[in-house]
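To keep things clear, I will list the structure first and then write my remarks on it.
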Amino acid sequence: MAKVRKGIEVSIAMADAVAQANVDVIAAYPITPQTHIVEHLAEIVANGELDAEFVPVDSEHSAMSVCCGSAAVGARTFTSTSSQGLALMAEIFIISAAMRLPIVMALANRSLSSPLSIWNDHTDTMLVRDAGWIHIFVENGQESYDNIFTAFRIAEDPEVMLPVAVNFDGFILTHMIEPIEYEDDETIAAYLPKFQMKNTLHPDHPVSMGCFGMPEIYTEAQMQRESAIRESYPVILKAWDEWGKLTGRHYRPVETYRTEDADYCIVTMGSYGETAMEVVDSLRQEGEKVGVVKIRLWRPFPNEEFCRAVLGKKSLVVLDRAISFGGPGGPVASELRSALYQKEGAPVIVNTVAGLAGRDVSRNDFRKIILEGKAKAQRGETEGFDLYGLRG
Amino acid sequence: MDRFSVFSSRLVDKSENFTSGHRACQGCAEALAVRHVMKALGRDTIVAMSTGCMEIISSPLPLTAWKVPWIHNAFENSAAVISGCEAGMKAMMRKGIIPQKKINFVAMGGDGATADIGMGPLSGALERGHDMVYICYDNEAYMNTGIQRSSSTPFGASTTTSPAGKDSMGQHTQKKNMPQIAVAHDIPYVATACPSFPFDLIEKVKKAAEMPGAAYVHILSVCPTGWRIQPQDAIKYGRLAIDSCVFPLYEVVNGEYRLTYTPYRKLPVTEYLKGQGRFRHLTDKEIQLIQDKVDRDYQKILKRCEEGR
């Protein structure tokens, strides 16, 4: 693959990125809206363009199980899923992180049943928020393509050895045709060195993996996981920095747009960030001092960067794409409230849940969410959350 | 010629790949089966094991009874995990990332992991035809969690979730025939075995490992704790199961059946049932039902073996 800019479906570009990353094993079970990725990867392998094993598994549960086996022998391993698939594999999803297996997943975010829906929101990924995976959220096709490489680089770093999920919005991104800049294979090979794992399953150096732990050892094992994901933070920054140097495309755990002089900000995660920026541009013309804060790194949570971005602002309108039923607010807002609690200069938070199961959130809707949020903050109505656009 | 092999305990590999010091119950024939299996497979083996008795007794952190690379992931997925190991190694060897080497990829699980919760992943792995061996250690109930019934528990057995009582004769369903389900996948090798017949077991596991593609070995593993027998009688009850034709020893090579052991004198099932606490409540009428079923099933196997000649 040469360096080229082309108009292409985001799923296809992601599959091409996986091929450029020269993976050894792909195990995935088709589920809407992730299907185009696995279909295209199967085709790439069938055409001999990538020397890898494509394992057409019997379920997502088996997909993640195959990935665990393959990563445990030291093979570079990729999978992709959505929604019910993620829920089905949740058991092994958690184990893969606990066993420190550096698998990379393209997670095409979709709502969970019931009612059955194939459309986009963040309900699925919130289910596995505490599984111990590194979670990156992307906004557009280019970011989706780029972060396949950064994900492998982060996951396989000897200091990290954790699985990484690249969260990208189902349909809004998976099925979108966008101009995407491909990097050439040499750049990728330089950025992504050969995967070498310290302890693998091999008869020449036998190890036991996945042993059981009595109460005397379980707490310490959990602490190791916690340290591992916390210590991955500088590695993630470095991986993004180096990618930025190579390609000119820079990534940060928390990204801001026109926030320097803003009184208040809208906070988003995923593809809605793009709409938010457009709406903020037009609001600015009307004299609103508003900016956008985008959470790119969801786990490990970038506490300091986030606080740095928002401390001193009057208010935040946090847009959630999932409900935490019976909880204090949407999962993102709850997280941010907790990050800011008892911090000096902390803005008040107004929480809106919108765009569940693909219900469109247009520029006009965004405008309303932002302005109503601001008004609510001024009135001090900061409890709970609003479900935007609720009918009846 | 293989039908006339002569076995001697001196010819069996003396090295232990599943070492002593593990925490199995006294008289555990399943641990014995694992030991024989690992002798047959040798060191160039990767084992993926399901959650269950053998996993718990052999891997309490920071100890391990395994001298070969071993992985435990979850209860139901050892077949899928070993599929991944095989696929990963195959790709890396082909790409020159690691040197070529013949490795046995072996998944192991109990009857619960095999016939119940892990049926889907096992079927998937067999159908995909990975170069692997799946070994089911069948002790006929969920022994690890305290003797609850599985679909592999035989008709009439009393377990903690199929207890015999005033209105119940214990397990009222028939044992799921896992070897036949494996055969239905058209894989090159399926066999039944029992550690009471160690040479037969070792030969079958070796054959399963040598055969390219997926192989399935179903090992009846007597559980003194769950069957309510004395620990010193585990081997005896294995023999009785086979001599009464409750559990015939056979293999299916590329669809061709062969009985690997014919009892000198076929014992009545009462010989096998009596003395086992799990069957002690059975009436003569129920025992007759069991005898009839055993006879019918054995005839079926004999017929398939004859067809193969």
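What number, rounded to the nearest 500 deg cm²/dmol, is the helix-based mean residue ellipticity at 222 nm of chain B, given -39500 (n - 2.57) per DSSP H run of at least four residues and division by all its residues? The per-residue figure over chain B is -10500 deg cm²/dmol. Here's the picture: charge each Lys and Arg Cβ at +1 and each Asp and Glu Cβ at -1 in the range A:187-309, and of A:Asn303, A:Gln222, A:Pro206 the one pushed furthest to the positive end of that dipole is A:Pro206. Among the listed pairs A:Lys294/A:Lys368; A:Lys238/A:Lys343; B:Lys206/B:Lys236; B:Lys14/B:Lys204; B:Lys102/B:Lys175, which are separated by more than 26 Å between their Cα atoms? Flagged as over cut-off: A:Lys238/A:Lys343; B:Lys102/B:Lys175.
Per-residue ellipticity at 222 nm computed for chain A from its helices equals -13000 deg cm²/dmol, with DSSP H segments shorter than 4 residues left out and the rest contributing -39,500 (n - 2.57). For the range A:243-392, a simple Cβ point-charge model (Lys and Arg +1, Asp and Glu -1, everything else neutral) yields a dipole of about 240 debye relative to the Cα centre.
Once the C-beta distance of A:Lys238 and B:Arg296 is scaled by a Förster radius of 56 Å, the resulting FRET efficiency is 0.25 to the nearest 0.05.
Label sites at B:Thr19 and B:Lys274, each approximated as a point 7 angstrom past Cα along Cα to Cβ, lie 4.5 nm apart. A simple rule links phi to the HN-Hα coupling: the Karplus curve 6.51 cos²θ - 1.76 cosθ + 1.60 with θ = phi - 60°, which for the range A:55-67 gives 9, x, 7, 8, 5, 5, 4, 5, 4, 5, 5, 4, 4 Hz, with x for Gly and Pro. Each of B:Ile219, B:Cys305, B:Ile290 was placed along the dipole of the range B:190-309 (beta-carbon charges, centred on the mean Cα), and the one lying farthest toward the positive end is B:Ile290. Just check the range A:255-387 against the gyration tensor rule for me: Cα atoms, a ≥ b ≥ c as the square roots of the eigenvalues, rounded for a/c under 1.5, and otherwise prolate or oblate depending on whether a/b exceeds b/c. Note, shape of the range A:255-387 comes out rounded.
Could you pull out every whole DSSP H run in chain B that spans at least 20 Å of Cα extent along its own axis and averages -1.0 or higher on the Kyte-Doolittle scale?
Membrane-span-like by this criterion, though nothing is claimed about a membrane: B:78-94.
Near the amide H of B:Thr160, within less than 5 Å, lie the amide hydrogens of B:Gln148, B:Arg149, all on another chain or at least 5 residues away, with H placed in the peptide plane. Within chain A, the longest run free of exposed loop sites, counting chymotrypsin sites (Phe, Trp or Tyr not before Pro) that sit outside DSSP helix and strand states (H, G, I, E, B) and have at most 10 other Cβ atoms within 10 Å, spans A:1-324. Qualifying GluC sites (Glu not before Pro) in the range A:328-392, where qualification requires a DSSP coil assignment and no more than 12 other C-beta atoms within 10 Å, comprise A:Glu344, A:Glu383.
Report the FRET efficiency, 1/(1 + (r/R0)^6), for B:Gln174 and A:Glu39, where r is their Cβ-Cβ distance and R0 is 41 Å, rounded to 0.05. With R0 = 41 Å, the Cβ-Cβ based efficiency is 0.45. Under the rule a/c < 1.5 gives rounded, and otherwise a/b versus b/c splits prolate from oblate, where does the range A:76-169 land using the Cα gyration tensor? Oblate shape, in that a/c is at least 1.5 and b/c is the bigger or equal ratio. Each part gets one Cα centre, and for the range A:45-95 versus the range A:340-362 those centres are 34 Å apart. Measure nothing but the geometry: give the 0 to 90° angle between the long axis through the Cα atoms of A:83-98 and the longest principal axis through the Cα atoms of chain A, rounded to 10°. It works out to around 70 degrees. Its Cα centre serving as origin, the range A:4-247 has a Cβ charge dipole (Lys and Arg +1, Asp and Glu -1) of approximately 420 debye.
Measuring between their Cα centroids, the range A:173-190 and the range A:251-311 lie 25 Å from each other. I'd like the antiparallel share, as a percent to the nearest 5, of DSSP beta bridges with both residues in chain A. Here the share of antiparallel DSSP bridges comes out near 25 percent. Cα to Cα, under 12 Å, and not fewer than 8 places away if on the same chain: which aspartates and glutamates meet these conditions relative to A:Lys198? Partners found: A:Glu156, A:Asp157, A:Glu159. Of the GluC sites (Glu not before Pro) found in the range A:18-85, those in coil by DSSP whose Cβ has at most 13 other Cβ atoms within 10 Å are A:Glu49.
Could you pull out which residues in the range A:343-378 have an amide N less than 13 Å from a spot 7 Å beyond the Cα of A:Arg391, following the Cα-Cβ vector? Inside the label zone: A:359-360. Between A:Glu178 and A:Arg359, full extension at 0.36 nm per residue minus the direct alpha carbon distance yields a gain of 63.0 nm.
Dipole magnitude for the range B:1-83: computed about the Cα centre from +1 point charges on Lys and Arg Cβ and -1 point charges on Asp and Glu Cβ, it is near 320 debye.
Backbone phi angles across the range B:258-273, fed through the Karplus curve with coefficients 6.51, -1.76 and 1.60 (θ = phi - 60°), yield HN-Hα couplings of 8, 6, 9, 8, 10, x, 4, 9, 5, 7, x, 4, 4, 4, 7, 6 Hz in residue order; Gly and Pro are listed as x. Between the Cα long axis of helix A:35-46 and the first principal axis of chain A there is an angle of about 30°, rounded to the nearest 10. Taking label positions 7 Å along the Cα-Cβ direction at both A:Glu216 and B:Lys166, the computed distance is 4.8 nm, reported to one decimal. Modelled spin labels at B:Met211 and A:Gln342, positioned 7 Å past Cα toward Cβ, are 6.5 nm from each other.
Candidates B:Gly84, B:Pro195, B:Gln100 compared by Cα position along the dipole of the range B:8-308: farthest toward the positive end lies B:Gln100, with charges placed on Cβ. Highest GNM mean-square fluctuation among A:Asp320, A:Asp130, A:Asp263, for chain A modelled with Cα contacts below 10 Å: A:Asp130.
Extension gain for the segment B:Glu127 to B:Phe199, taken as residue separation times 0.36 nm less the Cα-Cα distance, is 23.0 nm to one decimal. Gain on full extension, evaluated as 0.36 nm per residue between A:Arg284 and A:Arg258 minus their Cα-Cα distance, stands at 8.4 nm. Beta bridges assigned by DSSP with both partners in the protein assembly as shown are antiparallel in approximately 25 percent of cases.
Since every read-out is calculated from the coordinates, none of them should be taken as a lab result. Computed from a predicted model, the values in this text were never measured in an experiment. Positions of Cβ are generated from backbone atoms using ideal geometry, with glycine treated the same way; all protein chains shown enter the neighbour counts.
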